[in-house]
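The values are calculated or read from the model by the stated rules, or taken from the named source; none is laboratory data. All values reported here derive from a predicted model rather than from experimental measurement. Here Cβ is always computed from backbone atoms with ideal geometry, including for glycine, and neighbour counts include all displayed protein chains. Note: areas computed on protein heavy atoms with side chains; ligands, DNA, RNA excluded. Shrake-Rupley method; radii C 1.70, N 1.55, O 1.52, S 1.80 Å.
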Amino acid sequence: AQSVSQHNHHVILSEAASLELGCNYSYGGTVNLFWYVQYPGQHLQLLLKYFSGDPLVKGIKGFEAEFIKSKFSFNLRKPSVQWSDTAEYFCAVTYKAAGNKLTFGGGTRVLVKP
Amino acid sequence: KAGVTQTPRYLIKTRGQQVTLSCSPISGHRSVSWYQQTPGQGLQFLFEYFSETQRNKGNFPGRFSGRQFSNSRSEMNVSTLELGDSALYLCASSLLPDTGELFFGEGSRLTVL
């Protein structure tokens, strides 16, 4: 079955530190890749997406992600985090072979200390 | 424009009862998906509807069902509730299916006692 793995469950950083969250997906043919974010007390919202083309995609709030097809990975990065980046981050994948339903990873809780 | 609206936001039920949750998508969005979120299992896909038809279904027992109306509003129903059904149920809408670009509501938190 298609699956998505996020390596870290919890990450604690200080402001201005760099952030990288790992995401790997199981092989399943054609995929589209996403990162969603859930800020405290708010609903899930789309951070960035990859459908095709340049494997380095930029999203909102200075986030970017790189699709490495050979590694089945789609890691999220931000060069310098702020306290307001405290949130839970979810990697998600749609597999064409599975009817394009969105499959989520387990999430990574990020705490940025001021 | 208004976001995805879910009602009720909180509810408490006892084992064996049934529950119906409602979702109003963003105006113009025709696809609605439902997810169950729990601390242990994370976000699990329940089903997806488009034009009143179920397009996809997750690995949940038949006690979980849903439907979509002609105005794109959707409901999901859980019958014969079990303790393990306690969760946050999230509805998400999109203009069309297959995009993966979902707009989520704040969820309905169900507690089963």
Residues that are away from every other protein chain (no Cβ under 11 Å) and surrounded by fewer than 23 Cβ atoms within 10 Å (Cβ to Cβ), drawn from the range A:87-97: A:Ala87, A:Ala97
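Filter the range B:68-82 down to residues that are crowded, with 22+ Cβ neighbours inside 10 Å and not aliphatic (A, V, I, L, M) and give me whichever is nearest to B:Ser22 (Cα to Cα). Step through it out loud before you land on a result.
As a first pass, look at the range B:68-82 and keep what is crowded, with 22+ Cβ neighbours inside 10 Å: B:68, B:74, B:76, B:78.
Now restrict to residues that are not aliphatic (A, V, I, L, M): B:68, B:74.
Working: B:Gln68: 10, B:Ser74: 6 Å.
So, considering only residues that are crowded, with 22+ Cβ neighbours inside 10 Å and not aliphatic (A, V, I, L, M), the one nearest to B:Ser22 (Cα to Cα) is B:Ser74.
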Within the range B:97-113, tally of residues that are over 30 Å from B:Arg15 (Cβ atoms) and open to solvent by 10 Å² or more (accessible area, probe 1.4 Å): 6
Residue set B:Ser51, B:Ser24; condition over 26 Å from A:Val4 (Cβ atoms), modelled with pLDDT of 95 or more and either open to solvent by 10 Å² or more (accessible area, probe 1.4 Å) or charged (D, E, K, R) (or both); output residue B:Ser24
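Taking into account only those residues within the range A:98-114 that are more than 15 Å from A:Leu33 (Cβ to Cβ) and more than 15 Å from the chain's Cα centre (by Cα), which is surrounded by the most Cβ atoms within 10 Å (Cβ to Cβ)? First the steps, then the outcome.
Initially, the range A:98-114 is screened for residues more than 15 Å from A:Leu33 (Cβ to Cβ), giving A:99, A:106-114.
Filter again for more than 15 Å from the chain's Cα centre (by Cα), leaving A:99, A:111-114.
Details: A:Gly99: 13, A:Leu111: 12, A:Val112: 19, A:Lys113: 11, A:Pro114: 8.
Within the range A:98-114, the match that is surrounded by the most Cβ atoms within 10 Å (Cβ to Cβ) is A:Val112.
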Do any strands (runs of 3 or more DSSP E) lying entirely in the range B:72-113 carry at least 1 residues that are of a type outside the set (Ser, Thr, Tyr) and more than 29 Å from A:Leu47 (Cβ to Cβ), and which ones are they? B:74-78, B:108-112
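Let's see how each residue does on (1) open to solvent by 10 Å² or more (accessible area, probe 1.4 Å); (2) closer than 28 Å to A:Glu88 by Cα:
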site: B:Gln37; (1), (2): yes, yes
site: B:Arg63; (1), (2): yes, no
site: B:Gly84; (1), (2): yes, yes
site: B:Leu90; (1), (2): no, yes
site: B:Leu95; (1), (2): yes, yes
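Residues are listed down the side, and each one gets a yes or a no for (1) open to solvent by 50 Å² or more (accessible area, probe 1.4 Å); (2) away from chain B (no Cβ under 14 Å):
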| residue | (1), (2) |
| --- | --- |
| A:Val11 | no, yes |
| A:Asn24 | no, yes |
| A:Tyr39 | no, no |
| A:Pro55 | yes, yes |
| A:Gly59 | no, no |
| A:Glu64 | no, yes |
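Within the range B:5-23, track down each residue that is within 14 Å of chain A (Cβ to nearest Cβ) and assigned to a strand (DSSP E or B).
Going residue by residue through the range B:5-23, those that are within 14 Å of chain A (Cβ to nearest Cβ) are B:5-6, B:9, B:23.
Within the range B:5-23, B:Thr5, B:Gln6, B:Cys23 qualify.
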Residue set A:Leu46, A:Leu76, A:Leu33; condition within 14 Å of chain B (Cβ to nearest Cβ), open to solvent by less than 40 Å² (accessible area, probe 1.4 Å) and among the aliphatic types (A, V, I, L, M); output residue A:Leu33
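Okay, residues lined up against (1) assigned to a strand (DSSP E or B); (2) modelled with pLDDT of 95 or more:
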| site | (1), (2) |
| --- | --- |
| B:Gly3 | no, no |
| B:Trp34 | yes, yes |
| B:Asn56 | yes, no |
| B:Asn59 | no, no |
| B:Gly66 | yes, yes |
